[in-house]
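Presented below is the structure to which this report refers.
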Amino acid sequence: MASTTTKSAFLRGLGHGTPFLIIILPFGLLFGVVGTEAGFNLAEVMGFSFLVIAGASQFAAVQLMTENVPTLIVILTALTVNLRMAMYSASIAPYLRDVSMWKRALMSYGLVDQTYALGVAEFENTPNLSTAERVAYFTGTGLPVFIAWYISTYLGAVFGARIPPEFALDFAVPISFLALVAPALKTIAHVAAALTSVVLALLLAFVPFGLGLIIAALIAMCVGAFIETKMEGHAA
Amino acid sequence: MNYSDANIWFIIAAMGVGTFLIRFSFIGLVGNRDIPSWILRLLRYTPVAVLPGIAAPLVFFPEATGGQPDPARLLAATVTMAVGIKTKNVILSITSGAVTLYGMMYFLG
């Protein structure tokens, strides 16, 4: 009985996660190509996608490393890109309090944009799910996403190795970052944060060791949060 | 790119461990304690605070044109943003940007 509902939760998750292949596959291919073009070997490119599995931060790291930014700054910037996942972790944690620690660790490895969004929506809409069903659903959403990410990275790295410079792949990173940010510009606070980031990153380009970007990002975060607080004050 | 193999693997491993710890933070370590709302508020803005800052110099001063502003890349970036804001479709927005870039490079030579 319990195992049938667990299985159906898994299959439901699989069904909800699979459409994301439309996004994951091209991104993985692109990362494989861009990483290889930047001079990383196959093992290193795959290392990023296996150990980090966070596309935007991987692109950011590869971009900064082509600019020979110091190691510590590469790591700090990449982790700053991933800080939003602390928010995911906080919002999904209450649903997973009865899950065993090692499973929670595995689920943390797999907490990406897609599994988080699907998981929280399902757990909110179906409050009477058992712990096992929650784990099964989450696993179902993640499997297609992760497998597609690894395989498409591999294919991009192998087949994209000899793309000539005419294809202007230098522009793949900014274009994908702009495309990722654009849908998030839904409030004045988000727009202000993004503009602050752009203006300060350009103005602080002279600051050594890539620190200008980190300063720009921290100030932009504060600007976004500050304006959000102001707007709430007006609404109330 | 100018890093030793060990250095590259150190960066990959540190990013892997660090990203895992960020994801594991509340699920595994902090538990269900309430997080101060100002922290959540700051975290909400991390993607829009970091990614445009990385993109901006690449859009305005691309290395491929010797750091000179380039109409093809400026227009491609504008189209990418416009389509992304209008449709909220990431893949469509990237495709439009790429088509614009290649089209401009073809016509402008």
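The values are calculated or read from the model by the stated rules, or taken from the named source; none is laboratory data. All figures in this text were calculated on a predicted structure; none of them were measured in a lab. Counting neighbours? That spans all protein chains shown, and the Cβs are built from the backbone with ideal geometry, glycine included. Side chains are part of the model used for accessible areas, which takes the heavy atoms of the whole protein and leaves out ligands, DNA and RNA. Shrake-Rupley method; radii C 1.70, N 1.55, O 1.52, S 1.80 Å.
Hey, does region A:119-140 have a residue that's polar (S, T, N, Q) and open to solvent by less than 30 Å² (accessible area, probe 1.4 Å)? No, there is no match, as no residue in region A:119-140 is polar (S, T, N, Q) and open to solvent by less than 30 Å² (accessible area, probe 1.4 Å).
What residue, among those in region B:14-48 that are basic (Lys, Arg) and open to solvent by 40 Å² or more (accessible area, probe 1.4 Å), is farthest from the other protein chains (Cβ to nearest Cβ)? Here the residue is B:33.
Of the residues making up region A:43-65, those that are within 9 Å of chain B (Cβ to nearest Cβ), closer than 14 Å to residue A:82 by Cα and small (Gly, Ala, Ser) are A:54, A:56, A:57, A:60, A:61.
Taken over region A:66-82, the residue count meeting the criterion of being open to solvent by 10 Å² or more (accessible area, probe 1.4 Å), at the interface with chain B (Cβ under 7 Å from one of its Cβ atoms) and within 14 Å of residue B:7 (Cα to Cα) is 4.
Here is a yes/no grid of residues against (1) in contact with a Leu (Cβ under 7 Å, 6 or more places away or on another chain); (2) surrounded by 16 or more Cβ atoms within 10 Å (Cβ to Cβ); (3) within 29 Å of residue A:118 (Cα to Cα):
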position	(1), (2), (3)
A:12	no, yes, yes
A:16	yes, yes, yes
A:21	no, yes, yes
A:25	no, yes, yes
A:28	no, yes, yes
A:34	yes, yes, yes
A:38	no, yes, no
A:41	no, no, no
A:46	no, yes, yes
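If you go through region B:59-71 and pick out every residue that is surrounded by 22 or more Cβ atoms within 10 Å (Cβ to Cβ) and either at the interface with chain A (Cβ under 7 Å from one of its Cβ atoms) or in a helix (DSSP H, G or I) (or both), you end up with 1.
Listed here are the residues, each with its yes/no results for (1) farther than 26 Å from residue A:191 by Cβ; (2) among the aromatic types (Phe, Trp, Tyr); (3) touching a residue at least 24 places away in the same chain (Cβ under 8 Å).
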| site | (1), (2), (3) |
| --- | --- |
| B:42 | no, no, no |
| B:46 | no, no, no |
| B:50 | no, no, no |
| B:56 | no, no, no |
| B:71 | no, no, yes |
| B:81 | no, no, no |
| B:93 | no, no, no |
| B:99 | no, no, no |
| B:105 | yes, no, yes |
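Residues that are within 7 Å of chain B (Cβ to nearest Cβ), among the small types (Gly, Ala, Ser) and closer than 22 Å to residue B:37 by Cβ within region A:83-123 comprise A:86, A:89, A:90, A:93, listed in sequence order. Name the helices (runs of 4 or more DSSP H) wholly within region A:1-93 that hold at least 2 residues that are over 26 Å from residue B:57 (Cβ atoms) and under 15 Å from the mean Cα position of the chain (by Cα)? Fully inside region A:1-93 and qualifying: A:21-37, A:42-51, A:84-92. Against the list (1) at pLDDT below 90; (2) within 7 Å of another protein chain (Cβ to nearest Cβ), the condition residue B:11 fails is (1). For region B:72-103, a tally of residues being surrounded by fewer than 19 Cβ atoms within 10 Å (Cβ to Cβ), farther than 15 Å from residue B:62 by Cα and aliphatic (A, V, I, L, M) returns 5.
One residue alone among A:198, A:223, A:207 is open to solvent by less than 70 Å² (accessible area, probe 1.4 Å) and closer than 19 Å to residue B:81 by Cα, and that residue is A:198. Counting only helices (runs of 4 or more DSSP H) that fall entirely inside region A:131-236 and contain at least 3 residues that are more than 12 Å from chain B (Cβ to nearest Cβ) and touching a residue at least 60 places away in the same chain (Cβ under 8 Å), the qualifying elements are A:131-159.
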